[in-house]
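Everything below concerns the one structure shown next.
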Amino acid sequence: MSGVLTRLLGRKPAQILDAEEIYNRLMAQSRTPHFYGMNRVPDNYDGRIGCLTLHMACVLRALRSHGELGIKLSQALYDVMRDDFEIALREEGLSDSGVSRRIKPMIAVFYTELKAYDTALAASNTREALAEAVSQHVLKERSEDFIQAFAAYTEQFDTHLATLDFKHLAKAKFIFPDISL
C-alpha cells in the first residue's frame, strides 16, 4: 500500500534521492574546467561522458562493497544516469524511437568503459592500468603528463571512496582529490 501512496503523492524512494545526489555531485565534478583544455579531456560530448563514466566507475565499485544496499543504490544510480541521458536526447528533439536508437550505443560505450576502468582499479599496478585505460577511452592522443595526473587523481578518488561507510557514500559525502600537473 505504501508504494501506491508514494506514487500518488509523488515522493521518490530514498535510494533514488540518494542516487540523484550522488549523480549530481559526479556530474558537477566531471564538468570541472580543470579536466578540459589543450592536451586534456576533449571538451565535447564524448569527453564529458567519458569523464563522468570514470567518476561513476569509482563510485559503483565502492558501492558494490556494501552488499545488498550497495547493489540497490548502484542500480538506482545507473537508472538516474540513464534517465538523464534520455532527457538530454529528448531535449535534442528526438522521438521515442530516436531516443531508443541513440541510447543503446551510449549505454554500450558506458559499459565498455566501466569494465575497463573497473579492471584497471582492481589491477595490482593500478596507476599504470588506469593510465592505459584512460588513454584508450577518454584521453586519446593527450599528453602523457595529463594522462598520469588523471590516473593518479582517479586512483586517489577510488582509494578515498573505499574508506567510506555506506551512509557517507549514499549521501555523497566524499571528497574529490586535487588533480595536479
If I filter the stretch 1-16 for residues that are at pLDDT 90 or above, surrounded by 14 or more Cβ atoms within 10 Å (Cβ to Cβ) and assigned to a helix (DSSP H, G or I), do I get at least one hit? yes
Consider the stretch 38-73. How many of its residues are open to solvent by less than 20 Å² (accessible area, probe 1.4 Å) and more than 10 Å from the chain's Cα centre (by Cα)? 6
If TYR117 meets every condition in (1) in contact with a Cys (Cβ under 9 Å, 6 or more places away or on another chain); (2) of a type outside the set (D, E, K, R); (3) open to solvent by 90 Å² or more (accessible area, probe 1.4 Å) apart from one, which number is that one? (3)
Taking the stretch 124-140 and keeping only residues that are more than 19 Å from THR112 (Cβ to Cβ) and either touching a residue at least 12 places away in the same chain (Cβ under 8 Å) or of a type in the set (D, E, K, R) (or both), one is left with THR126, ARG127, GLU128
Within the stretch 37-68, how many residues are closer than 13 Å to LYS140 by Cα and touching an Asp or Glu at 6+ places or on another chain (Cβ under 7 Å)? 1
Select, from PHE176, PHE150, the only residue that is of a type outside the set (A, V, I, L, M), open to solvent by less than 90 Å² (accessible area, probe 1.4 Å) and not in a helix (DSSP H, G or I). PHE176
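The values are calculated or read from the model by the stated rules, or taken from the named source; none is laboratory data. Just so we're clear, the structure is a prediction, and the values are computed from it rather than from any experiment. So basically every Cβ, Gly included, is an ideal-geometry build from the backbone, and we count neighbours across all protein chains shown. Only protein heavy atoms, including side chains, enter the accessible area calculation; ligands, DNA and RNA are left aside. Shrake-Rupley method; radii C 1.70, N 1.55, O 1.52, S 1.80 Å.
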